[in-house]
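Notes to accompany the following structure.
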Amino acid sequence: MSEQLHFAEHTLQEVALGFMALVYCIRIYWFTRFTAGKERQPPTGPASTTPRKGILFSWGIIGMPWAMESSRKNMFMWLQFVLFHMGVVAAIGLSFIIPYLPEVLAIAGVIPTLQVLTGTACVIGVMRMIRRLGGKHMRAISTPDDVFSLLLLTVWFAFAFQAVPNSTANGEWQLMTYFWMTAFFLVYVPFSKISHYLYYPFTRYYLGKSMGRRGVFPFERGQPQAAPTGTPGAPALANVGAIQRVKA
Amino acid sequence: MERSYKAQKVIDRLGQKLNRQVVGSLVACVHCGNCTDSCHYVLANPDDPTYAPAWKGDRLRKIFKKHFDWTGRVVPWWVGAKSPETDADLEELKDIVFGKCTNCRRCTMNCPMGVDFATFNRLTRGLLVHVGIMPEGVAVVSKDQWELGNQMGVLKEDYIDTVEWMSDELVDEVGDDKAAIPIDKSDVEVMYTINPREAKYDPRTISDAAKIFWAAGESYTMPSEGWDMTNFGLFSGDDELGGTVSRRVYEKAQALRAKKVVISECGHGYRSTLCEGANWAQFDVDFVMESSVQTMLRYIKEGKIKVDKSLNISSYTYHDSCNFARSCGMTEEPRELLNLVVSDFREMYPNRAENYCCTGGGGAMSMTEYTPQRLKSARVKADQLKATGAKVVVTSCHNCVDGLTDLIKHYGLDMEVTQLVNLVANSLLVEKAAEVPEAEHAVSTTLAFAGRTILVVDDEADARRFIATVLEDNGATVLQAVDGDEALQMMRDKKPDLVTLDLSMPGKDGGRVFEEIRNDSELSGARVCIITGKPELRRLIYERPVREPEGYINKPIQEDVLVSNLRRILELTNKAA
Ligand code: HEM
Ligand code: SF4
Ligand code: SF4
């Protein structure tokens, strides 16, 4: 391994990680400086819905594709989201495995698994890019940051895919690019929309707390019933399984 | 270019209004577009991305990023950050936050990140209202609620008169003096609060509720003040108004030492009074509050009232009000109650927290400049209603009653709208109803306007024909005039008992005609009911230096609203005479 690659795998990553952690701490501090609105309203809705249940439901909603109409009606999109983020976990994990635990890669199945995850995520990234740039609505809501973040991740996945075997047999450039991209990504993330995961616990916590208090979360599903199909001009009405709340 | 004063104020005010929940919603959006299809405006305008919730949300997000977030301050174009610079920018923002969103919260429910767009859309409305930028209708209604304590400009005397009128009618109907509606009685179990629409357009819901309270033997009162449980602050984003209005209700309940406040069927009223009001008013409420839906359901379950569902013979579906269901979790009680009072109930899909807005929410009915786009988006709801095959749509919200009635008319659906209170009252079995004397029977079966002459003034032939037909069906002799001069002449010649006067007419508009009537010694005593498609024009009438009209009705006109209002004018002014 060249000195440059060693630097990219270790010092560079550590500095980038440290920078990211620092910026994130400042970011969380900045965020929590905004006082949270206090809720005085008495609880409403069925007794089975409480703020606590609402919060748990709200945090978990992302893993319950049946719970929200937007994921229920677009299961494929939801699956893309899951696979894309599994790719994120794999590619980030890889940036720790290669420098600190390279022996893990020797375990049977690890390399193909990581390659499937990052490869799939890369393909989904391309699909997402087509969706983002191709659709009128998506284009209208996209900023350069949205496009760049997606592009960055998609290319990063491609290099992660190639970096997985941790081999320099065909030269070091794949590994080198992967680690430099990882470092760039770590530094860039706090300033981009990718930092959404930092806010996710908060936004969903507050929404869940309020909705739980008001008897809206959790949606309790009883018998799913088919919606009438063929409602002209209103595609969203077709094939919607209605939420059936079960009274406490 | 220097930033306008108002634009700067909006930015400053945003800084004061930001709380953690709102900031979270502003920073967390990943622009994934998952919420796009959840909005009824998008479904009705599939080619126009400016209806997408995330696009609309970005209008405030841009300002936030430019002034309060990091990247946006340094490289604004990279994250789409931008300041409003001119008053025209604010006007444009107004048309989006008021005209392209009913704050129904359906997109909120469909956002994986928990971005609550509807809440910060409300906040944006509030920022604009703060600098006086709002649709005319919002200004009028807010002013009424600030000044008169209710959002429909009902004067205290008119409110009391209406309650007393309904009280008399109920006593006559059931033949029991105990059915009289108490006003300002202290130490009661229940203080009953209503939507001013009931006093103004639909007094039958007041007498229906009173009939139920009477049948249940409830100790209740209606307050003389703090009776309006609706709150335009929810729609205008004005927390100060919101707090003031809800405080009026809370303080009145405390003054009367009522143990419970019952909120009549109204989605936004329920949400404002029960949920948001305490936050806006910073008020810790020490009494119970509930919806009249819960009250009626409890009466039936506890055997306090008995109902016979065979008395409601049509087919019914239920429309969940956004505020009632999606923001307050009130989804099962209305269905349970409905199933107790009707036999043929048909669910609507999607429903409960996933239901589509009636499209009249968020104060949309008062913003006439956006009516065409509102009615266009209403196609989604119309399709939903049609698919149920029901003849009657029941809803627990007065706002929805208006929104649904309007869209039903617009899309030519063969449906009616009603509320649970009407169905419960209609199915009520009153065991010991006293004998009603023959003479009173005779009165109640007489046509409402028998022996009356009413002059209908409107330049639109369709409107004239509609009003005239309804009035003639109810026994009136109807005269018609197409413009102000003809109207004045007819009034002199025929001396009608009542005049319905359209405001927007070519030539001499209704406002001028009205002023001439009042200033004419021969005509000044005439009873006049203003009819207008533009509620904001009402101010032009009420601010004239002449005696107010006896009533006003907004277009589109509903038959029963027309009849009950004109009846009210004739009967109350008779009494006063
Ligand atoms: C707690 C962890 C996380 C949560 C809950 C989360 C949640 C989400 C959600 C809900 C979306 C939108 C879903 C969709 O488009 O269907 C999204 C999109 C995205 N996420 Fe995450 N995420 C997390 C972590 C991450 C991380 C660590 C990264 C990258 C390092 C990342 C990168 C992205 C990107 C780039 C998109 C946009 C995809 C597109 O443009 O289509 N996420 N995330
Ligand atoms: S709150 Fe309702 S009307 Fe407004 S954008 Fe969301 S879905 Fe559309
Ligand atoms: S679903 Fe949520 S995160 Fe996605 S675009 Fe809409 S508001 Fe933004």
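Each value in this text was obtained by applying a stated rule to the coordinates, not by laboratory testing. Predicted model only: the values in this text are computed from it and were never measured. Don't worry about glycine lacking a Cβ; one is built from the backbone with ideal geometry, like all the others, and counts go over all protein chains shown.
Data overview
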| quantity | calculated |
| --- | --- |
| Label-point gap, in nm, between residue B:240 and residue A:184 - each point 7 angstrom along Cα→Cβ | 5.1 |
| For residues of A:181-193, the mean tally of beta carbons on other chains within 10 Å | 2 |
| Global geometry of the stretch B:239-372, whether rounded, prolate or oblate, following the gyration tensor of its Cα atoms and the 1.5 cut on a/c | oblate |
| Of the DSSP H helices in chain A, those whose Cα atoms cover at least 15 Å axially and whose Kyte score averages 0.5 or more | A:11-32, A:75-100, A:110-134, A:144-163, A:173-188 |
| Sorted by Cβ density within 10 Å, fewest first, the residues A:82, B:163 | A:82, B:163 |
| Spacing of the two label points (7 Å from each Cα toward its C-beta) at residue B:571 and residue A:130, in nm | 6.8 |
| Added length on full extension, which subtracts the Cα-Cα distance from 0.36 nm per residue, residue A:24 to residue A:79 | 16.9 nm |
| Whole-angstrom gap from the stretch A:1-60 to the stretch A:81-103, using each part's C-alpha centre | 19 |
| Reachable aspartates and glutamates, given that their alpha-carbon falls under 18 Å from the alpha-carbon of residue B:6 and they are not under 8 places away in the same chain | B:85, B:87, B:89, B:91, B:92, B:95, B:136, B:238 |
| Distance between modelled label sites at residue B:75 and residue B:178, nm, 7 Å Cα→Cβ extension | 7.8 |
| Prolate/oblate/rounded label for the protein assembly as shown (Cα gyration tensor, a/c 1.5) | prolate |
| Total lysine pairs whose alpha carbons fall under 21 Å of each other in the stretch B:309-427 (8 or more apart, or interchain) | 7 |
| Sparsely packed GluC sites (Glu not before Pro) within the stretch B:264-341, loop by DSSP, other Cβ within 10 Å at most 10 | B:302 |
| Rounded to 10°, Cα long-axis angle of helix B:5-17 versus longest principal axis of chain B | 90 |
| In Å, descending, principal axis extents of the Cα set of chain B | 82, 60, 48 |
| Contour minus Cα-Cα distance for residue B:2 and residue B:310 (0.36 nm per residue) | 103.9 nm |
| Lys pairs under 22 Å by Cα in chain A, provided they are eight or more residues apart or on distinct chains | 7 |
| About the Cα centre, charge dipole magnitude for chain B (Lys/Arg +1, Asp/Glu -1 at Cβ), debye | 2180 |
| For the stretch B:1-79 versus the stretch B:146-213, the gap between their alpha-carbon centres in whole angstrom | 44 |
| Exceeding the 19 Å Cα-Cα cut-off - candidates B:9/B:56; B:211/B:304; B:17/B:62; B:178/B:200; B:94/B:555 | B:9/B:56; B:178/B:200; B:94/B:555 |
| Pairwise centroid distance, computed over Cα atoms, of the stretch B:308-355 with the stretch B:379-399, Å | 11 |
| Prolate/oblate/rounded label for chain A (Cα gyration tensor, a/c 1.5) | prolate |
| Between helix B:398-410 and chain B: long-axis angle, C-alpha atoms, 0 to 90°, nearest 10 | 90 |
| Integer Hz, Karplus 6.51/-1.76/1.60 couplings in order for the stretch B:109-115, x for Gly and Pro | 5, 10, 9, x, 8, x, 6 |
| Sorted by Cβ neighbour density within 10 Å, fewest at the top, the residues B:310, B:83, A:195, B:321 | B:310, B:83, A:195, B:321 |
| Length-normalised contact order for the stretch B:309-427 - Cα pairs under 8 Å, 6+ apart - percent | 34 |
| FRET efficiency estimate (nearest 0.05) - Cβ-Cβ, residue B:47 to residue A:147, R0 25 angstrom | 0.65 |
| Over chain A: helical MRE at 222 nm, DSSP H runs n ≥ 4 each giving -39500 (n - 2.57), nearest 500 | -20500 deg cm²/dmol |
| Percent RCO, i.e. relative contact order, over chain B, from Cα pairs under 8 Å lying at least 6 residues apart | 12 |
| Footprinting exposure proxy for B:95, B:47, B:483, B:116 (fewest neighbouring C-beta atoms within 10 Å first) | B:47, B:95, B:483, B:116 |
| Mean residue ellipticity (222 nm) of chain B, computed from DSSP H runs ≥ 4 via -39,500 (n - 2.57), nearest 500 | -14500 deg cm²/dmol |
| Antiparallel %, DSSP beta bridges [both residues in the protein assembly as shown], to 5 | 5 |
| Relative pair counts by distance (%), Cα atoms of the stretch B:277-317, 10 Å bins | 21, 32, 24, 17, 7 |
